[in-house]
Amino acid sequence: MSHPAALDPDRLAAECEFRATRRSGPGGQNRNKVETAVILTHRPTGIVAEAAERRTQGENRRQALFRLRLKLALEIRTPPGEAPSPLWSSRLRGGRIVVSPEHDDFPALLAEALDALAARHDDVKEAAAALGCSTSQLVKLLAAEPRALALVNGRRAARGLHALR
C-alpha cells in the first residue's frame, strides 16, 4: 500500500476539499480583493493544510499541497514494503539520501523513513539497514524536518531509548 504522502499532487488534490479565502500578506491592494489563500482538507484523514504567503492562488495551492504531504508523512503510518521503494532507491547514493527538504520527493521519503522506524520499534540501526542507508543519514533526514525528529524522539523516550540528535 502506498503512503498518502507519496501520491502525486494531482491525485492528492482530488482527495481534498479545496477552499479559497482572503488573508493579509504580500500582494498589496490585490490581496484585499482576491481570494488567494488556500485551505486544503484531506477527506480520508481530515488533515488540514493551508498557505497564504504567496501572491497567487496557484502558488498557494502548490504550497498547501506540499504542507499537506508533510503532515500526512508525519501523522499517517502505513506498513513498510519488503524492500525500499523505487523512489527511495533512486535517491540513495552509496548509503546517502540525496534530497532537499524543499524538494517534492521529501514528504514521501520522510514518510517511508518514519514507517520503517515505526515498524522496527524506532530502532534506527534496524530501520537504516532495511532502507539501505547509514544510521547517520537516516537521522539527518529526520532532522531536516524538526517535527519528525521530535515525533521519533517522543516514541523513543516512551520506550526508554535515548534521544536522536
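Rule-based calculations on the coordinates, nothing more; no lab input. Quick caveat: nothing in here was measured; it's all calculated off a predicted structure. Don't worry about glycine lacking a Cβ; one is built from the backbone with ideal geometry, like all the others, and counts go over all protein chains shown.
Look at the alpha carbon pairs under 8 Å that are at least 6 residues apart: their mean separation over the length of the chain gives a relative contact order of 18 percent. Calculated translational diffusion coefficient of segment 117-165 (37 °C, 0.692 mPa s; Stokes-Einstein with Kirkwood radius over alpha-carbon pairs) equals 309 µm²/s. Once the convex hull of all Cα atoms in the chain is built, its volume per residue stands at 118 Å³.
Across segment 140-151, coupling constants 3J(HN,Hα) worked out from phi with the 6.51/-1.76/1.60 Karplus curve, θ = phi - 60°, read 4, 5, 4, 5, 5, 10, x, 5, 5, 5, 5, 4 Hz, and Gly and Pro carry x.
Taking every C-alpha pair closer than 8 Å and separated by at least 6 residues, the mean separation divided by the residue count of segment 86-158 gives a relative contact order of 30 percent. The ranking of 106, 18 by Cβ neighbour count inside 10 Å, starting from the fewest, reads 18, 106.
Considering all C-alpha pairs of segment 86-158, those separated by over 19 Å amount to 23%.
Can you give me the Rg/Rh ratio for segment 33-119, using Cα atoms for both radii and the Kirkwood formula for Rh? Result for segment 33-119 is an Rg/Rh of 1.06.
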